[in-house]
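> The structure that follows is given in the form of structure tokens.
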Amino acid sequence: MSENIHFPSGADGLLLNLNEEQRHAVTSKQVPLAIHAGAGSGKTRVLTHRIAWRIAMDIDDARKVLALTFTRKAAAELNHRLRGLGIRDQVAAGTFHAVAYAQLKNFWREKSLPEPELLTNKSVFVTKLLPRDYRSIKVLDVVGEIEWAKVRRIGPQAYAGMAEENRRNIGIPSSLIGQIYQNYEDLKREQNKVDFDDLLVFCAKAIRSDRSFAAAQQWRFQHLYVDEFQDVNSVQVELLNAWLNGNENLCVVGDPNQAIYGWNGADADHLVRFGTYFPGGEIVDLKQNYRNTPQILRTATSILEDTTFKANRSSGSNPTLTHFSSDKDELTSVAQRVRENRGPNGRWSDQAVLTRTNTQVEALARAFRDVEIPVRTLAGSSLFDRGDVKRVLSSFENNNQPLTELLGDLHAGFDEDEEYEIPARQQERFNAFSEIRLLAKEHLALDPTATADGFLSWIKSHIRTVTDISIDAVEIATFHSAKGLEWPTVHLVGLEEGFVPISYARDADSLAEEKRLLYVALSRAKENLFISWAGERSFGDKEPIGRDPSRWLEQIQEAINSLDKPLNKEGQIDQIRKARSGKTSNSASEHPVKTALLSWRSEHAQYASLQPYEVLSDAALEALIQSWPATIEGMENIPAVTSHNIQRYGEELLSIFRQFDPPNIDSQIQRAVEGDSLLEGSEGQIISDLKVWRIEKAAGKPAFTIFNDETLRDLAKKRPENLDELLSVYGIGPAKAEKFGQDLLKFFNK
């Protein structure tokens, strides 16, 4: 066992309070190992206990463990938990970029090479390379294109062709962007600068090209762990393989259902087909949820194909879905609800408001500050904006003293190892300097010979991600930035078409990713979940425009409606599946083609050692039956079917459909009116007639894109006879009224 490590209960004590799945994941001696960990399944707990257990069993040497994360906050949390398990300051943990940067700084120093300056703001650098006509409006788009290309290892010369092949269009000729990209790389080289993407490429190149450097790094880190493995891109996998150099001692943790960075080059296939990339590996599934109440878990998983999660928390309140007439009403009501949920003695930081875009975050933050609710955003105050922190760190500039000798300067006047009460007026200062000291210790774990100046340049690479956590405030964040976090209470706002899914998500892959992103947002709530959307919204100084609810709100509402019904486990899953595939007719679902497709899927899954849904999801299977494609092009228009499905299985699927005759439209109409016959009086008949009308209007598209079921029920109840009455119906705004108002008023006035 490594020195200075003490496990009070021994290795067996590390297995206490783990469920069977978790215990297997912790103790499995099979490597490489992939742990598929659903949201709230104890992912970090399992990862840290596996590290600690293998150290306790003398399988791993703590001094040679490297844990890779995707955020510095995750690295800090991992180190904090390891210390709680008895491991003190020996395990190196950090992001891919932080580890690569620390290793490169050591490489440059050993080789007496001039250290490049880290380029932390590409926008300023790229602006001067743009034609003047584009500088004010296109710089962020061009930066995004350069980043898109670099994480896919697409060079400047190949950019134009690849951009056209992938239908990239930002309003600038792709050939011009390719030239700007080339100039960007040339200028960096001339000025001896590197960007974040370069760090990974340069580190892998240094390991491949310098034997002594490679041997040192591969000896230094022999036991590798990777968190959030669904988010790795090809460059990160290349660097990971360089570190491993054939070493099989690898454990990764991730969740395919939380793969939300495909737009940024991430490829969840590395996790889904782990055994293909790392032969001989084992995959372990964690399906028990410990974060969410059963009500929140069932609501969140209602939009997934995988409904095998089990809630372990006690029952709580049902989530709510609220429609506001305007974005102003939504802002006012959400702010009021946040204040009410805090109560007189609660903490603001127990709540988060999540939204899809950064623009929405800024609007919400302004509105909350106007009513004196403290807020925190990722784009807000950084820890390094504090004057007291700036003053101390300024002394580190151009200082070549060993960082270990200067740790004493990073304190707030209190010994953090002593246990006594910090005066309230000093608590924020104490918290801030504790965070800086933690950063310093993380850097020393990666580079024990670090200097003060080296630490300062390294710490600047974290300025964008280290927020000031010393104040009590409501977190306002995008869905993306909320991944990996959780709060007792979460408010999801702006769930409208154009936001959820985002307007530019049009192909099957991007729509599937948007759905997973919504699942991530829903599953951040531990106890209370509030969902809302607005019937009209203002953008800038323009007049408000009508908005439609997100296409996924209907099935979420159906899931919420079913929460109070006394269903057994199988019944709950069946109810969610029915809500999710509401556009599929019973006759289509029972068609013989489904049996043939299920058999085909099962055979492929067995052959490839996959779960059936990993070959073809239930939603994709149902959507195929509903659409009944005759060509590959027809498949490309089915949102649930991915390009991977089409490329790999398209012709096989078409051959199956050609063996059967498709169901006719009458079966869809029959399905539309089923269930309404139980309603008494004319209301049930009106809903049935409206559903038939809705299918005809949909013309082959999903029926809920016209109106969802809640709108039909409200129409049947109110029976509007004029425009004002029509606009009072749930889900009908000016845009819907203009498009369908005449038909509906004729319907109720006939």
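The values are calculated or read from the model by the stated rules, or taken from the named source; none is laboratory data. Quick caveat, the model's predicted, so the values are computed rather than measured. Quick reminder, even Gly has a Cβ in these numbers, built from the backbone with ideal geometry, and neighbours come from all protein chains shown. Each accessible area value is taken on the protein alone, full model and side chains, heavy atoms only, with ligands, DNA and RNA left out. Shrake-Rupley method; radii C 1.70, N 1.55, O 1.52, S 1.80 Å.
> Percent of alpha carbon pairs in region 285-358 separated by more than 13 Å?
76 percent
> Under a point spin-label approximation (7 Å from Cα along Cα-to-Cβ), what is the residue 596-residue 359 distance to one decimal in nm?
The two pseudo-label positions are separated by 4.7 nm.
> With the cut-off at 29 Å, tell me which of the pairs 515/717; 43/441; 73/526 have Cα atoms farther apart than that. Please list the in-between numbers first.
Values: 515/717 32 Å; 43/441 24 Å; 73/526 20 Å.
In this structure, 515/717 lie more than 29 Å apart at Cα.
> Taking only protein heavy atoms and a 1.4 Å probe, what accessible area per residue, in Å², does region 258-310 have with all protein chains in place? Write out the running numbers ahead of the final one.
Details: 1770 Å² over 53 residues.
Accessible area per residue, region 258-310: 33 Å².
> Give me the number: length gained by fully extending residue 332 to residue 312, i.e. 0.36 nm times residue separation minus the C-alpha to C-alpha distance, one decimal in nm.
3.7 nm
> So, one more: Along region 498-510, what does the Karplus equation 6.51 cos²θ - 1.76 cosθ + 1.60 (θ = phi - 60°) give for ³J(HN,Hα), rounded to whole Hz, x for Gly and Pro?
Per residue, the Karplus-derived 3J(HN,Hα) values read x, 9, 10, x, 5, 4, 8, 7, 10, 8, 4, 5, 5 Hz.
> What FRET efficiency comes out for the pair residue 170/residue 723, r = Cβ-Cβ distance, R0 = 41 Å, nearest 0.05?
Working: r = 41 Å, r/R0 = 0.99.
For residue 170 and residue 723, the calculated efficiency is 0.50.
> For each pair in 64/111; 138/542; 150/287; 310/483; 128/193; 122/205, compute the distance between the two Cα atoms and list the pairs where it is over 27 Å.
On the way: 64/111 24 Å; 138/542 22 Å; 150/287 35 Å; 310/483 20 Å; 128/193 16 Å; 122/205 23 Å.
Too far apart for the 27 Å limit: 150/287.
> Related question: Need one number: nm distance between label points at residue 141 and residue 471, each 7 Å from Cα along Cα→Cβ, rounded to one decimal.
Label at residue 141, label at residue 471, 3.5 nm between them.
> Then there is this: For residue 478, list long-range residues whose amide hydrogen, built 1.01 Å from N in the peptide plane, is under 5 Å from its own amide hydrogen.
It is 355, by chain and number.
> What does the C-alpha gyration tensor say about the overall shape of region 194-280? Classify as rounded when a/c is under 1.5, otherwise prolate if a/b is larger than b/c, or oblate. All intermediate terms of the calculation are to be shown ahead of the outcome.
Numbers: a/c = 2.42, a/b = 1.38, b/c = 1.75.
Judged from the Cα gyration tensor, region 194-280 comes out oblate (a/c at least 1.5, b/c at or above a/b).
> In nm, to one decimal, how far is the modelled label at residue 542 from the one at residue 30, with both set 7 Å along Cα→Cβ?
About 5.4 nm separates the two model spin labels.
> Nothing charged except the Cβ atoms of Lys and Arg (+1) and of Asp and Glu (-1): what's the magnitude of the dipole of region 67-210 about its Cα centre? Round to the nearest 20 debye. If you can, show how the numbers build up before the last one.
Working: 23 positive and 18 negative charges, 74 e Å.
Dipole magnitude for region 67-210 comes out near 360 debye.
> Then there's this: Going 7 Å from the Cα of residue 276 toward and past its Cβ, which residues in region 206-230 have a backbone nitrogen under 18 Å from where you end up?
229-230
> Place the peptides 107-120, 45-58 in order of packing, highest mean first, counting for every residue the other Cβ atoms within 10 Å and averaging per peptide. Write out the running numbers ahead of the final one.
On the way: 107-120: 13.9, 45-58: 22.4.
In descending order of packing, they fall as 45-58, 107-120.
> Using a 1.4 angstrom probe on heavy atoms only, work out the carbon and sulfur share of the accessible area of region 150-277 in %. The partial results should precede the final answer.
On the way: 2580 of 5460 Å².
Carbon with sulfur: 47 percent of the solvent-accessible area.
> Using θ = phi - 60° and the Karplus form 6.51 cos²θ - 1.76 cosθ + 1.60, what ³J(HN,Hα) does each residue of region 487-492 get, whole Hz, x for Gly and Pro?
Ordered by residue, 3J(HN,Hα) equals 9, x, 10, 10, 10, 9 Hz.
> Could you tell me the largest-minus-smallest coordinate of the C-alpha atoms of region 5-145 on each of the three principal axes, in descending order and whole angstroms?
Computed over region 5-145, the largest-to-smallest principal extents equal 66, 41, 26 Å.
> If you plug each phi of region 139-145 into the Karplus form 6.51 cos²θ - 1.76 cosθ + 1.60 with θ = phi - 60°, what whole-Hz ³J(HN,Hα) values come out, in order, with x for Gly and Pro?
Along region 139-145, the couplings run 4, 5, 5, 5, 4, x, 5 Hz.
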